[in-house]
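The values are calculated or read from the model by the stated rules, or taken from the named source; none is laboratory data. Computed from a prediction, not measured in an experiment: that's the story for all the values here. Cβ sites come from the backbone with ideal geometry, for glycine too, and all protein chains shown count toward neighbours.
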Amino acid sequence: MAFDINYEPGYFELALCQQQGRLFRECQWDFEADAFDFITKYLNSGIAKEIDRPYSFYHSMGIKALGEYFLRENNNGVKKFTGDYLDSEALFWVGYMYRYWACMGQASKEIINETSAEHAFMMYPGYHTLAVPEAIRMFKKPKITSGKV
(Lines give C-alpha, C1' and ligand atoms only; values in the text may rest on other atoms or scores of the structure.)
Protein backbone atom coordinates (compact mmCIF):
# COMPACT_ATOMS: atom_id res chain seq x y z
CA MET A 1 0.00 0.00 0.00
CA ALA A 2 1.35 3.41 -0.93
CA PHE A 3 1.50 6.14 1.71
CA ASP A 4 -1.71 8.20 1.78
CA ILE A 5 -1.75 11.18 4.17
CA ASN A 6 -5.54 11.35 3.84
CA TYR A 7 -6.16 7.70 4.77
CA GLU A 8 -8.47 7.27 7.76
CA PRO A 9 -7.91 4.04 9.71
CA GLY A 10 -10.92 1.91 10.57
CA TYR A 11 -11.88 0.56 13.99
CA PHE A 12 -9.52 -2.41 13.81
CA GLU A 13 -6.56 -0.24 12.83
CA LEU A 14 -7.38 2.24 15.60
CA ALA A 15 -7.35 -0.70 18.04
CA LEU A 16 -3.83 -1.51 16.79
CA CYS A 17 -2.88 2.14 17.46
CA GLN A 18 -4.16 1.72 21.02
CA GLN A 19 -2.27 -1.56 21.39
CA GLN A 20 1.05 -0.02 20.30
CA GLY A 21 0.44 3.07 22.43
CA ARG A 22 -0.07 0.91 25.52
CA LEU A 23 2.99 -1.21 24.66
CA PHE A 24 5.23 1.86 24.47
CA ARG A 25 3.65 3.43 27.58
CA GLU A 26 4.38 0.32 29.64
CA CYS A 27 7.80 -0.66 28.25
CA GLN A 28 9.68 0.95 31.15
CA TRP A 29 7.45 -0.67 33.78
CA ASP A 30 6.57 -4.08 32.36
CA PHE A 31 9.85 -4.85 30.60
CA GLU A 32 12.32 -2.63 32.51
CA ALA A 33 13.48 -1.32 29.13
CA ASP A 34 14.95 1.97 28.03
CA ALA A 35 11.93 3.47 26.26
CA PHE A 36 13.75 5.04 23.31
CA ASP A 37 15.83 1.92 22.65
CA PHE A 38 12.73 -0.30 23.00
CA ILE A 39 10.72 1.84 20.56
CA THR A 40 13.52 2.09 18.01
CA LYS A 41 14.31 -1.62 18.02
CA TYR A 42 10.63 -2.57 18.10
CA LEU A 43 9.81 -0.50 15.01
CA ASN A 44 12.81 -2.02 13.22
CA SER A 45 11.76 -5.56 14.21
CA GLY A 46 10.14 -8.34 12.24
CA ILE A 47 7.14 -8.06 14.55
CA ALA A 48 6.48 -4.44 13.56
CA LYS A 49 6.93 -5.42 9.90
CA GLU A 50 4.30 -8.12 10.36
CA ILE A 51 1.93 -5.76 12.19
CA ASP A 52 2.26 -3.35 9.23
CA ARG A 53 0.53 -6.02 7.12
CA PRO A 54 -3.27 -6.14 6.88
CA TYR A 55 -3.42 -9.56 8.58
CA SER A 56 -0.96 -10.77 11.18
CA PHE A 57 -0.79 -13.26 14.02
CA TYR A 58 0.47 -10.39 16.21
CA HIS A 59 -2.69 -8.31 15.81
CA SER A 60 -4.49 -10.41 18.38
CA MET A 61 -1.77 -10.45 21.05
CA GLY A 62 -2.00 -8.57 24.32
CA ILE A 63 0.70 -6.02 25.05
CA LYS A 64 2.47 -8.12 27.69
CA ALA A 65 2.74 -11.12 25.38
CA LEU A 66 3.70 -8.91 22.43
CA GLY A 67 6.47 -7.22 24.42
CA GLU A 68 7.81 -10.51 25.75
CA TYR A 69 7.78 -12.04 22.27
CA PHE A 70 9.64 -9.00 20.91
CA LEU A 71 12.27 -9.19 23.65
CA ARG A 72 12.81 -12.91 22.94
CA GLU A 73 13.09 -12.19 19.20
CA ASN A 74 15.56 -9.41 19.94
CA ASN A 75 17.67 -11.69 22.18
CA ASN A 76 17.45 -9.21 25.06
CA GLY A 77 19.35 -6.63 23.00
CA VAL A 78 17.21 -3.80 24.37
CA LYS A 79 18.97 -1.56 26.87
CA LYS A 80 17.75 -1.78 30.45
CA PHE A 81 15.91 1.11 32.05
CA THR A 82 18.37 3.05 34.20
CA GLY A 83 17.22 6.67 34.36
CA ASP A 84 14.13 8.63 35.23
CA TYR A 85 10.73 7.43 34.08
CA LEU A 86 9.54 9.24 30.97
CA ASP A 87 6.05 10.72 30.69
CA SER A 88 3.83 7.68 30.09
CA GLU A 89 1.17 9.71 28.24
CA ALA A 90 3.82 11.01 25.83
CA LEU A 91 5.06 7.45 25.24
CA PHE A 92 1.48 6.33 24.59
CA TRP A 93 1.02 9.15 22.08
CA VAL A 94 4.27 8.26 20.30
CA GLY A 95 3.17 4.63 19.95
CA TYR A 96 -0.33 5.55 18.82
CA MET A 97 0.95 8.11 16.32
CA TYR A 98 3.59 5.78 14.82
CA ARG A 99 1.02 2.99 14.31
CA TYR A 100 -1.48 5.45 12.79
CA TRP A 101 1.31 6.58 10.45
CA ALA A 102 1.96 2.95 9.47
CA CYS A 103 -1.76 2.50 8.78
CA MET A 104 -1.39 5.33 6.26
CA GLY A 105 0.96 3.08 4.30
CA GLN A 106 4.53 3.76 5.42
CA ALA A 107 6.57 0.92 6.91
CA SER A 108 7.43 1.12 10.61
CA LYS A 109 11.14 0.81 9.80
CA GLU A 110 10.93 3.84 7.47
CA ILE A 111 8.95 5.85 10.02
CA ILE A 112 11.45 5.40 12.86
CA ASN A 113 14.30 6.28 10.50
CA GLU A 114 12.45 9.42 9.42
CA THR A 115 11.41 10.54 12.92
CA SER A 116 13.36 9.18 15.88
CA ALA A 117 11.63 8.17 19.09
CA GLU A 118 13.51 10.93 20.94
CA HIS A 119 12.31 13.56 18.47
CA ALA A 120 8.70 12.35 18.53
CA PHE A 121 8.75 12.33 22.34
CA MET A 122 10.23 15.85 22.40
CA MET A 123 7.47 17.11 20.07
CA TYR A 124 4.65 15.66 22.20
CA PRO A 125 3.89 18.92 24.09
CA GLY A 126 3.30 20.84 20.86
CA TYR A 127 1.85 18.12 18.65
CA HIS A 128 -0.36 15.98 20.89
CA THR A 129 -3.26 18.43 20.71
CA LEU A 130 -3.33 18.19 16.91
CA ALA A 131 -5.35 15.59 15.07
CA VAL A 132 -2.99 12.65 14.48
CA PRO A 133 -2.88 13.11 10.68
CA GLU A 134 -1.93 16.76 11.19
CA ALA A 135 0.87 15.80 13.59
CA ILE A 136 2.17 13.33 10.99
CA ARG A 137 2.04 16.08 8.35
CA MET A 138 4.17 18.22 10.65
CA PHE A 139 6.72 15.42 11.05
CA LYS A 140 6.83 14.92 7.27
CA LYS A 141 7.45 18.58 6.45
CA PRO A 142 10.89 19.16 4.94
CA LYS A 143 13.41 20.08 7.58
CA ILE A 144 15.47 23.24 7.22
CA THR A 145 19.13 22.40 7.75
CA SER A 146 21.18 25.27 6.36
CA GLY A 147 18.98 28.30 6.81
CA LYS A 148 17.82 27.97 3.17
CA VAL A 149 14.41 26.66 2.29
Run down A107, A120, A90 and say which single residue is in contact with a Lys or Arg (Cβ under 8 Å, 6 or more places away or on another chain) and either modelled with pLDDT of 95 or more or on the phi > 0 side of the Ramachandran plot (or both). A107
Restricted to the stretch 18-70, and to residues that are of a type in the set (G, A, S) and part of a helix (DSSP H, G or I), which residue is surrounded by the fewest Cβ atoms within 10 Å (Cβ to Cβ)? S60
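Report yes if A15 is in a helix (DSSP H, G or I), within 16 Å of the chain's Cα centre (by Cα) and touching a residue at least 60 places away in the same chain (Cβ under 8 Å), otherwise no.
Working: in a helix (DSSP H, G or I): yes; within 16 Å of the chain's Cα centre (by Cα): yes; touching a residue at least 60 places away in the same chain (Cβ under 8 Å): no.
For A15, the condition - in a helix (DSSP H, G or I), within 16 Å of the chain's Cα centre (by Cα) and touching a residue at least 60 places away in the same chain (Cβ under 8 Å) - is not met.
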Take the residues of the stretch 79-102 that are in a helix (DSSP H, G or I) and aliphatic (A, V, I, L, M): which is nearest to G126 (Cα to Cα)? A90
Enumerate the pairs (first residue in the stretch 57-68 and under 13 Å from W29 (Cα atoms); second residue anywhere and not acidic (D, E)) with beta-carbon separation below 6 Å, excluding pairs fewer than 6 apart on the same chain, so at least 6 apart or on different chains. I63/R22; I63/L23; G67/L23; G67/F31
Only one of (1) of a type in the set (A, V, I, L, M); (2) surrounded by 16 or more Cβ atoms within 10 Å (Cβ to Cβ); (3) in a helix (DSSP H, G or I) is not met by M122, so which one is it? (2)
Would you please list the contacts, defined by Cβ atoms under 6 Å and residues six or more apart or on different chains, that run from a residue in the stretch 98-120 that is charged (D, E, K, R) to a residue that is assigned to a helix (DSSP H, G or I)? R99/L16; R99/C17; R99/Q20; E118/F36
